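Here's the structure we're looking at; comments come further down.
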Amino acid sequence: MTVATSEIWLFTGPIHSGKTSSLMTAFQQRQDVAGFLCPDRNDRRFLYDLSNHTEYPFQIDAISSTEDVVIGKYIFSADGFKKAHAILEKAPEPSVNYFIVDEIGRLELNGRGLEPAFSQCLQRLNACTIILVVRDYLLQDVIEHYNLQGAKIVSADELQNLFSHE
């Protein structure tokens, strides 16, 4: 797959290292961002739409549909994935400079989760910086799977430095 975009950043770090929190701090109040983050609050993950600042339930207590996704001890709502797909399928406005996807992991590498909407989104975005959250131990797998050899690998410290000059 060849990605047609100006720039891709792979925002990486270990599990629970503050990747989502760092991005939320850097982008929550900006008007030139779209995509979504998946913050934790009260031990529950939510889907936060950056373009309209709306939050949706994502992690649930019990399976309520055959389409819900179980990952270890966590259950994610099929409706949450549908909302994430809708965000990915929506073409960003010309005013969008950054498009964030939190996160790309094993599900996507196996054609589930955010797929196929994520791959289609990569093909379509070409006028903004795409920021993908990827756990450090999956970084090389994601780079190879999505052909992202030219992507910029960014840590939390580097993210702060990138935006301290704006």
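The values are calculated or read from the model by the stated rules, or taken from the named source; none is laboratory data. Nothing here was measured: the structure is a model prediction, and the numbers come from that model. FYI the Cβ positions are ideal-geometry reconstructions off the backbone, even for glycines, and counts take in every protein chain you see.
Miscellaneous remarks
- Residue check, Arg106 surrounded by 15 or more Cβ atoms within 10 Å (Cβ to Cβ), closer than 19 Å to His16 by Cβ and basic (Lys, Arg): no
- Asp79 meets each of the listed conditions (1) closer than 16 Å to Ala117 by Cα; (2) surrounded by fewer than 13 Cβ atoms within 10 Å (Cβ to Cβ) apart from (2).
- Residues that are in contact with a strand residue (DSSP E or B) (Cβ under 6 Å, 6 or more places away or on another chain) and either modelled with pLDDT of 95 or more or more than 21 Å from Ala156 (Cβ to Cβ) (or both) within the range 15-34 comprise just one, Ala34.
- Looking across the range 121-152, just one residue is of a type in the set (S, T, N, Q) and in contact with an Asp or Glu (Cβ under 7 Å, 6 or more places away or on another chain), and that is Thr129.
- Selection of strands (runs of 3 or more DSSP E) fully inside the range 18-61 by the criterion of at least 1 residues being without any contact (Cβ under 8 Å) to a residue 40 or more places away in the chain returns 44-49, 54-57.
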